[in-house]
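Quick one: the structure is below, and I'll ask about it shortly.
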Amino acid sequence: MIKLGVNIDHIATIRQARREDFPSVLQAALLCEKAGADGITAHLREDRRHIQDKDIYDLRKSIKTKLNLEMAASDEIAGIALDVKPDFVCLVPEKRLELTTEGGLDIKGQSKKLEKVIGKLKSAGIKVSVFIDPDISQVNASAEIGADCIELHTGKYAALYKEGGKNSKPFQDEFGNIINASNAALSKGLILNAGHGLDYDNIGEICRIARLNEFNIGFSIIARAVFAGIENAVKEMKEILLKYSN
Ligand code: PXP
């Protein structure tokens, strides 16, 4: 069954909106685990707009599943990662003005810098993933610089699904890119993850990709939690994954 990593950034978004000490990011993570999440993901952004340093240390201390730290390849955040030692780091591009992570990393354009950061993280025993668009040349470049995993950016997949449905040509073209990039990743021995914009409607189609290891899903689950509660929101997603895994 494809694993579910729950991204709890938006619990911190709510807390930071009032600079309060609630809702608790750690409590949310523990409830996600209780409901069946296979891992917890948090993005420590350079501007600290949601997750704060203390959240990462608290998560590391108390969660029982895997901690996946999303981060830009900056020296400052890499220093924190080396101290916290999450199970996984996922390197992402970061822009101050974006609402969320837009587009994947350009591995080919900054391979020297990324290779150095990946080397440091890996020598501390951290598995490293890179967040890339479904593009075979980026997959190959990821393998060359020593990444253990790739996370395919499904933002376009999600947007096209919403726009024209799963039978539309633009969606099918993008799905084809995801299939090709996935096959390339598997042939290079990379662990294959996917995420961004995935929700309770569009998740079914991408479950058809063979040997996907994990989805990282945040916004749709936290949004559902407002009405259903966070445990139910996670359980509902797990049920869908179970259904499509059979
Ligand atoms: N994966 C990565 C690398 C991301 O940057 C994000 C957004 O923080 C996600 C997955 C989750 O995206 P969403 O919140 O749209 O589910």
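The values are calculated or read from the model by the stated rules, or taken from the named source; none is laboratory data. Model, not experiment: these values are computed from the prediction. Cβ placement follows ideal geometry from the backbone for every residue including glycine, while neighbour counts extend to all protein chains displayed. Ligands, DNA and RNA are stripped out before the accessible areas are found, and what is left, the full protein with its side chains, is counted by its heavy atoms. Shrake-Rupley method; radii C 1.70, N 1.55, O 1.52, S 1.80 Å.
Rank S187, I136, L99 by how far each Cα sits towards the positive end of the charge dipole of the chain (+1 on Lys, Arg Cβ; -1 on Asp, Glu Cβ) and give me just the farthest.
With unit charges placed on the Cβ atoms, the residue in question is S187.
Considering only protein heavy atoms and a 1.4 Å probe, what is the carbon-and-sulfur percentage of the accessible area of the chain?
52
Cross-link candidates for K162: which aspartates and glutamates have Cα within less than 16 Å, leaving aside residues fewer than 8 places away along the same chain?
Straight-distance partners of K162: D173, E174, D199, D201, E205.
Still on this model: Does segment 1-80 classify as rounded, prolate or oblate by the C-alpha gyration tensor (a ≥ b ≥ c root eigenvalues; a/c under 1.5 gives rounded; else a/b over b/c gives prolate, otherwise oblate)?
Oblate shape, in that a/c is at least 1.5 and b/c is the bigger or equal ratio.
Right, another one. Run the quick spin-label model on E102 and K169: label points 7 Å from Cα toward the beta carbon, then report their separation in nm to one decimal.
Using points 7 Å along Cα→Cβ, the separation is 2.7 nm.
To continue, here is another question. N232 to R49: extension gain in nm, 0.36 nm per residue of separation minus the Cα-Cα distance?
Contour length minus the Cα-Cα distance gives 63.2 nm.
Would you work out the charge dipole size for segment 1-134 about its Cα centre, treating the Cβ of every Lys and Arg as +1 and the Cβ of every Asp and Glu as -1, and quote it to the nearest 20 debye?
Value, rounded to 20: 300 debye.
If I model a spin label at N213 and Q16 as a point 7 Å from the Cα along the Cα→Cβ vector, what separation in nanometres do I get?
About 2.7 nm, to one decimal.
Find the lysine pairs in segment 60-129 meeting two conditions, Cα atoms under 15 Å apart and a separation of 8 or more places or different chains, and report how many there are.
Lysine pairs meeting the criterion: 11.
Placing unit charges on C-beta atoms (Lys and Arg positive, Asp and Glu negative, everything else neutral), compute the dipole magnitude of segment 112-246 about its Cα centre in debye, rounded to 20.
Result for segment 112-246 is approximately 360 debye, rounded to the nearest 20.
Another question, if that's okay. Once you place label points 7 Å from the Cα toward the Cβ at N177 and L242, how far apart are they in nm?
3.5
Considering only protein heavy atoms, what per residue accessible area in square angstrom results for segment 1-124 with a 1.4 angstrom probe?
I get 49 Å² per residue for this part.
Moving on. Based on DSSP H runs of at least 4 residues, each adding -39500 (n - 2.57), what is the mean residue ellipticity at 222 nm of the chain after dividing by all its residues, to the nearest 500 deg cm²/dmol?
It comes out at -14500 deg cm²/dmol, rounded to the nearest 500.
Given a 1.4 Å probe and the protein chains all in place, what does the accessible area of V84 round to, in Å² to the nearest 10?
Only protein atoms counted, so the area is about 10 Å².
At what distance in angstrom do the alpha carbon centres of segment 43-68 and segment 173-246 lie from each other?
What the calculation gives is 22 Å, centre to centre.
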